[in-house]
Amino acid sequence: MYHSIIRSQLLKIFDELNKGNYEPILNGFAPRFEHCFYGKHALGGARHTLKETRRWYERLQRVLPGLIFEIKNVNVKGWPWNTIAAVEWSDSGTTLDGKPFRNQGVHFVNIRFGKVTSLRIYCDTQVLQDVLQRNAAQGLEEAAADPIVD
């Protein structure tokens with residue numbers, strides 16, 4: 001039952017993200033957490049505060065406008081004090097110069113008593129780099145900006 005609840009919550013969060021609403025994600029973080037996206041690009045780096053994590057999600061919407069996630073699989077294991085979830089996804093969108101793109105990846109989420117203590121994002125960074133470079137070439141300077149870190 002517990003794993004089903006966590007799985008349902010994660011699916012709802014991705015649904016909200018597809019609608020441009022990232023507040024449910026932010027509301028799910030524990031007082032101490034890590035939000036990490038690997039790679040040296042505008043979305044890379046690690047954040048540990050809601051302020052910087054909010055800035056990251058705002059940037060995500062600006063540098064990848066219209067990004068849509070499709071959830072492929074959600075696995076949840078562990079007890080309420082030490083839960084690990086893996087969310088496998090594909091995403092799609094269109095660069096500012098009109099080229100459609102698709103990527104795939106996984107979110108690894110550590111949860112303690114219903115609050116996220118760690119969120120690590122892995123994807124095909126070559127695809128992401130290409131999309132960000134194309135959007136930067138169209139004048140979206142933030143797509144080439146340094147990562148938001150704290």
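Read the figures in this text as sums done on the coordinates, not as results from a lab. Please read all numbers here as calculations on a predicted model, not as lab measurements. All Cβ positions, glycine included, derive from the backbone under ideal geometry; neighbour counts span all protein chains shown.
Tell me, in nm to one decimal, what length is gained between residue 27 and residue 7 on full extension, where the rule is 0.36 nm per residue of separation less the Cα-Cα distance?
Value of the extension gain: 5.5 nm.
Considering only the other residues whose Cβ falls under 10 Å of the Cβ of residue 34, what net charge follows from Lys and Arg at +1 and Asp and Glu at -1?
Spelling it out: positives minus negatives among the neighbours equals +3.
Given only helices, namely DSSP H runs of n ≥ 4 each adding -39500 (n - 2.57), what is the per-residue ellipticity at 222 nm of the chain, to the nearest 500 deg cm²/dmol?
Helices in the chain give a 222 nm mean residue ellipticity of -10000 deg cm²/dmol.
Show me the chymotrypsin sites (Phe, Trp or Tyr not before Pro) within the range 61-127 that DSSP assigns to loop and that have at most 15 other Cβ atoms within 10 Å of their Cβ.
Loop-located and lightly packed - 81, 113.
Looking at the P(r) of the range 2-137, how many percent of alpha-carbon pairs lie beyond 24 Å? All intermediate terms of the calculation are to be shown ahead of the outcome.
Values: 2387 of 9180 pairs.
Here the tail beyond 24 Å accounts for 26 percent of pairs.
Which listed residue (83, 103, 33) has the Cα farthest towards the positive end of the charge dipole for the chain, taking +1 on Lys and Arg C-beta and -1 on Asp and Glu C-beta about the Cα centre?
Toward the positive end, the furthest listed residue is 83.
Quick check: the angle from helix 50-63's long axis to the longest principal axis of the chain, C-alpha only, nearest 10 degrees?
Tilt of helix 50-63: around 40 degrees.
Can you give the net charge of the other residues whose Cβ lies under 14 Å from the Cβ of residue 126, counting K and R as +1 and D and E as -1?
On the way: positive: 40, 102, 134; negative: 124, 130.
Cβ neighbours under 14 Å give a net charge of +1.
To the nearest 20 debye, what charge dipole does the chain have about its Cα centre, counting +1 at the Cβ of each Lys and Arg and -1 at the Cβ of each Asp and Glu?
Once rounded to the nearest 20, the dipole reads 460 debye.
Mind pulling the angle between the C-alpha long axis of helix 125-137 and the longest principal axis of the chain? Nearest 10 degrees, somewhere in 0 to 90.
40
On a 0 to 90° scale, report how tilted helix 2-18 is relative to the longest principal axis of the chain, with both axes built from alpha carbons and the result rounded to the nearest 10.
Approximately 20 degrees, to the nearest 10.
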